[in-house]
Amino acid sequence: MLTFCRRVPIKRLLRRLHNEAAANPNNTNSLIKFHGKWPVLEQDEFTQHMRIISNFITVEEEQQLHEEIEPYMSRLRYETDHWDDAIQGFRETERKKWYPHNRAVLERVRQVAFDGAIMPYVHILDLAADGVIKPHVDSTRYCGNTISGISLLSDSVMRLVRTDAEKYQQGNTASNDKEKDTAYRHQPVPLRDDNFYADLLLPRRSLYIMSHTARYNFTHEILANEHATFCGNPVQKTRRISIICRNEP
């Protein structure tokens, strides 16, 4: 966990965290802030299964990815309500074919984040400055044990809150709840009584890798600007594009 947190200008904080991540690429704890009373074993599992790689792509690679997707995304309008009520202020699409230099970046994601192949269609989620992603767990029906995303254009704060995995799995297979079973994103009730969760700073051009325990047992969300802080410092999200890879269920 963080060895110290104090209020400093966010740019200075990010620069310090970038330097820490560059010095020790295998240690992402500086980008994770734990809240509440975590069971020791669960916190250890979480740090193994929730990783953030700062500066995963270069400024040039970010620009190339953006240039490829922007002509299409700019023709879409931002939606205020998602069909499953999990996102507000967003545009999204999927893309299978990429320019060779961008395909090389996605191959790097595959090598770092996945044991095998990734799903052929890559999800692109464009979140407006005032957009939010509500707490949810991606359905096991449509996604395997790992979700990995590159953050373009903006820093943001992701929050993961422990949920009741057993009840969630039962809800997925309940014969009298077909709507939940077919939903792309589920919104289970977090275990508020346990009062432990984690805030993650996702710097621009970073890669997050959410797998196993972190993927199944926690809701994840992107906080609205009025709630987004890290180490007591406000993190002002502007327009954010995430390029999300998944493996097969």
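What follows is calculated from the coordinates using simple rules that are stated; it is not laboratory data. A quick note: this is a predicted structure, and the numbers were derived from the prediction, not measured. Please note: Cβ atoms are built from the backbone with ideal geometry, for glycine as well, and neighbour counts cover all protein chains shown.
On inspection, Glu107 fails the criterion of being under 19 Å from Cys245 (Cα atoms), without any contact (Cβ under 8 Å) to a residue 40 or more places away in the chain and assigned to a strand (DSSP E or B).
Among the residues of the stretch 204-236, write down those that are in contact (Cβ under 8 Å) with a residue 60 or more places away in the chain and of a type in the set (D, E, K, R). Matches in the stretch 204-236: Arg204, Arg205, Arg215, Glu221. For the stretch 62-104, the candidate set comprises residues that are among the polar types (S, T, N, Q) and under 17 Å from Ile150 (Cα atoms); within that set, the residue that is surrounded by the fewest Cβ atoms within 10 Å (Cβ to Cβ) is Gln63.
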